[in-house]
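The values are calculated or read from the model by the stated rules, or taken from the named source; none is laboratory data. What you see is a predicted model, and the numbers here were worked out from it, not measured in a lab. In this analysis, Cβ positions are derived from the backbone assuming ideal geometry, glycine residues included, and neighbour counts consider all displayed protein chains.
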Amino acid sequence: MGQLHLASREANTAPRSIGAMTLSTKCRDGRTGIDRFRTSGASKVAFPRRKDAVEAIVLNTSGGLTGGDRFEASASAGPDSHLILTTQAAERAYRSTSGAACVSTRLSVAMGAVLHWLPQELIMFDGGCLNRRLDVDVTDGAEAVLVEPVVFGRRAMGETRISGSFRDRITLRHDGRPIYWDRINLTGSISASLDRPAIAGGMTALASALYFGPRAEALLPIVRQLLPKTGGASLVAPDLLTIRLLAADSYLLRQWLVPVLERLTETTLPKSWRL
């Protein structure tokens, strides 16, 4: 009886997903190539053919995030190289009954290098619990475009009011000195928090974007013209442009966000964004 009870308890225990990725690029004879690459667990990467950069499409083969999942990623653009990171599809944070899922990403951009961090949106389901952090290190002469889109609930499925926990942290360091900190902490009734005028005014989709590089000041008026009334852009430093965009749903978020990202990156977005 003891063995049967143990087997039943183990069968009812939800499996945990763990994934890790390490990727770096280098420039050789004027072209960017992969320097180091390794994945493990539920993290996989596809590399579409591209002449002007290394494009990496990150996949979570577990199909989403739930309590206890752990994913870590580290990517580095070496001197004079160009690295583009995106995801195959929108990530999903499902209802959790066993703590938080944790996602940690660390990026670095060397002198003369360009890095684009362009994940598709994260969708928070009712009852989802996620702790996420993005740490970025840039050096003089580097250029970086970063975006983190988030959608709360599934409007098409009638899930317009959600509760849960979403803790998000973005940190950007320039030559080791912190120049940008952003924190979002939504717990309990997320929808009630988003309804507050000083937070989101009832909007359910948001994106935070950053541009670091020599074009920051010139991009400011261009980006402001592209944004709706629910978006804003600020020049935090001569080389750092910050953007926040709110929208009623994921469709409208993309409608406004894609032209902005194309101006920041000076190219069309990866094909996975247009599928």
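Of all the numbered requirements in (1) closer than 20 Å to ARG169 by Cβ; (2) surrounded by fewer than 21 Cβ atoms within 10 Å (Cβ to Cβ); (3) of a type in the set (Val, Ile, Thr), ILE57 misses one, and that requirement is (1).
Restrict the check to the range 70-79 and report whether at least one residue is among the hydrophobic types (A, V, I, L, M, F, W, C), at pLDDT 95 or above, surrounded by fewer than 17 Cβ atoms within 10 Å (Cβ to Cβ) and over 13 Å from the mean Cα position of the chain (by Cα). Scanning the range 70-79, I find no residue that is among the hydrophobic types (A, V, I, L, M, F, W, C), at pLDDT 95 or above, surrounded by fewer than 17 Cβ atoms within 10 Å (Cβ to Cβ) and over 13 Å from the mean Cα position of the chain (by Cα), so the answer is no.
Checked against the criterion of being closer than 18 Å to SER17 by Cα and either touching a Pro at 6+ places or on another chain (Cβ under 9 Å) or among the charged types (D, E, K, R) (or both), the range 100-110 contains one or more residues that satisfy it. The residues listed here are ILE190, ILE162; of these, the one that is in contact with a strand residue (DSSP E or B) (Cβ under 7 Å, 6 or more places away or on another chain), modelled with pLDDT under 95, farther than 28 Å from LEU107 by Cα and of a type in the set (Val, Ile, Thr) is ILE162. If the condition is being part of a helix (DSSP H, G or I), touching an Asp or Glu at 6+ places or on another chain (Cβ under 8 Å) and either modelled with pLDDT of 95 or more or basic (Lys, Arg) (or both), then the range 218-253 contributes only LEU253.
Considering only residues of the range 87-113 that are surrounded by fewer than 20 Cβ atoms within 10 Å (Cβ to Cβ) and under 14 Å from the mean Cα position of the chain (by Cα), which is nearest to SER24 (Cα to Cα)? That would be ARG106.
Has the range 197-213 got any residue that is farther than 19 Å from ARG244 by Cβ and surrounded by 21 or more Cβ atoms within 10 Å (Cβ to Cβ)? Within the range 197-213 (the criterion being farther than 19 Å from ARG244 by Cβ and surrounded by 21 or more Cβ atoms within 10 Å (Cβ to Cβ)), the answer is no, since none of the residues qualifies.
Exactly one residue among GLU143, GLU148 is under 16 Å from the mean Cα position of the chain (by Cα) and either in contact (Cβ under 8 Å) with a residue 24 or more places away in the chain or exposed (fewer than 13 other Cβ atoms within 10 Å of the Cβ) (or both), and that residue is GLU148.
Only one residue in SER250, SER234, SER193, SER163 is in contact with a Gly (Cβ under 9 Å, 6 or more places away or on another chain) and among the small types (Gly, Ala, Ser), so which one is that? I'd like the intermediate steps shown before the answer.
On the way: SER250 fails: in contact with a Gly (Cβ under 9 Å, 6 or more places away or on another chain); SER234 fails: in contact with a Gly (Cβ under 9 Å, 6 or more places away or on another chain); SER193 fails: in contact with a Gly (Cβ under 9 Å, 6 or more places away or on another chain).
Going through SER250, SER234, SER193, SER163 in turn, the sole match is SER163.
Close contacts from the range 48-72, counting a first residue that is in contact (Cβ under 8 Å) with a residue 12 or more places away in the chain and a second that is part of a loop (DSSP other than H, G, I, E, B) and of a type in the set (Val, Ile, Thr), with Cβ to Cβ under 9 Å and a gap of 6+ residues or different chains, come to ASP52/THR267; ALA53/THR267; THR66/THR97; GLY67/THR97. Please verify whether THR86 is under 28 Å from ASN131 (Cα atoms), assigned to a strand (DSSP E or B), of a type outside the set (D, E, K, R) and in contact with a helix residue (DSSP H, G or I) (Cβ under 8 Å, 6 or more places away or on another chain), treating the condition exactly as stated. Taking the combined requirement at face value, the residue satisfies it. Restricting the range 170-195 to residues that are within 24 Å of LEU252 (Cα to Cα) and of a type outside the set (A, V, I, L, M), the residue that is surrounded by the most Cβ atoms within 10 Å (Cβ to Cβ) is SER191. Going by the structure shown, is LYS44 surrounded by fewer than 17 Cβ atoms within 10 Å (Cβ to Cβ), part of a loop (DSSP other than H, G, I, E, B) and not β-branched (Val, Ile, Thr)? In short, no. Sort out which residues of the range 228-253 are farther than 20 Å from ALA142 by Cβ, buried (at least 19 other Cβ atoms within 10 Å of the Cβ) and touching a Phe, Trp or Tyr at 6+ places or on another chain (Cβ under 8 Å), and write them in order of number. Those that are farther than 20 Å from ALA142 by Cβ, buried (at least 19 other Cβ atoms within 10 Å of the Cβ) and touching a Phe, Trp or Tyr at 6+ places or on another chain (Cβ under 8 Å): GLY231, LEU245, ALA247.
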